[in-house]
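First up is the structure itself, then whatever we jot down about it.
The values are calculated or read from the model by the stated rules, or taken from the named source; none is laboratory data. A quick note: this is a predicted structure, and the numbers were derived from the prediction, not measured. Don't worry about glycine lacking a Cβ; one is built from the backbone with ideal geometry, like all the others, and counts go over all protein chains shown. These accessible areas exclude ligands, DNA and RNA; they are computed on the full protein's heavy atoms, side chains included. Shrake-Rupley method; radii C 1.70, N 1.55, O 1.52, S 1.80 Å.
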Amino acid sequence: MKITLLIIALLLNIGGDLDKTSQKNHLRNQAREALVAEDYSKAALYYQKLVDDYQVSDPQTRLNLANAYFKSEEPEKARSQYAMLTSNTSAQIKASAHHQLGAIAFQEQNLEEALLAFKHALKANPYHEKAAYNYELVKKMLEQQEDQEDDQDDQENEEEQQDEESDKDNEGEQDDEGDAEDEEGEDSEEGESDEEEQDGEGDEQQDGEEQEDQSEQDDERDQQMQDRKQRFEEGDMTEEKAEMLLESMKNQEIQYMQQRKRTTEEDNYSGRPDW
């Protein structure tokens with residue numbers, strides 16, 4: 001009786017294992033079909049179920065899972081799966097994992113990290129054609145980037161030098177303008193001084209001429225008075241004419257004194273401020 005029960009239990013376990021194997025194979029087939037149909041999200045779902053529910057951990061299944069995540073644009077999940085395969089003993093699996101890590105870095109525009117990943121892929125498998133091509137491509141891109149940065153630095157340095165030279169030229173022009181303004185100011189002051197001197201000379205000349213005219217008039221008047229006095233003394237006129245002459249001379253003398261007084265007042269007032 002016991003033997004019979006043992007046989008039945010063994011048959012049930014065998015049946016269960018056969019059922020799990022059948023389910024695994026069914027999931028594998030579904031995942032492959034999804035990959036062919038380019039339904040990468042569904043393929044990733046099937047492969048993830050194999051790993052989680054059926055503890056399938058063979059390198060090829062995990063690589064397919066990582067590729068499905070990569071194709072479905074889930075780079076973080078893909079990166080974690082590829083990273084598990086970089087220490088695999090299979091050179092082909094290891095090279096593929098490094099290459100795909102380089103592809104993710106390239107998409108993220110991290111060229112230095114991508115170049116390093118492609119280099120590791122070539123170390124694992126020197127005949128990996130995609131890794132070799134991508135390595136050379138990224139290397140040239142980095143060289144071009146360095147050349148552009150150098151050109152940009154040179155251009156910035158040249159622009160800074162031009163700006164400095166321009167600033168120096170502007171400072172020189174401002175200094176020249178300042179010197180020219182100073183010279184103009186000195187010329188203007190000299191001109192004003194010359195004009196003042198000329199005005200002073202003109203005033204002195206005019207005063208001198210006026211004094212000469214006045215002196216001539218005084219001399220002429222004195223001469224007339226002397227002539228009249230002489231004629232009076234010589235008796236060359238009647239007494240009545242003499243009295244009229246004396247009265248006329250007296251009036252002329254008064255007018256002369258008044259005129260001299262006005263002339264003196266005008267001379268004292270020059271028409272210019274007193275400073």
Mind checking the full-extension length gain between residue 76 and residue 130? Use 0.36 nm per residue of separation minus the Cα-Cα distance, one decimal, nm.
17.3 nm
Inter-label distance, nm, simple model (7 Å from Cα along the C-beta direction), residue 146/residue 113:
2.1
Volume per residue, Å³, of the convex hull around the alpha-carbon atoms of the range 49-144?
84
Taking 0.36 nm per intervening residue step and subtracting the Cα-Cα distance, what contour gain separates residue 164 from residue 139 on full extension?
5.3 nm
So for 133, 69, 46, what's the accessible-area order with a 1.4 Å probe, most first?
133, 46, 69
List the pairs from 49/123; 71/123; 49/94 whose alpha-carbon separation is above 28 Å, in the order I gave them.
49/123
Along the charge dipole of the range 65-127, pointing to its positive end and built from +1/-1 on Cβ of Lys, Arg, Asp and Glu, which listed residue (89, 106, 78) has its Cα farthest out?
89
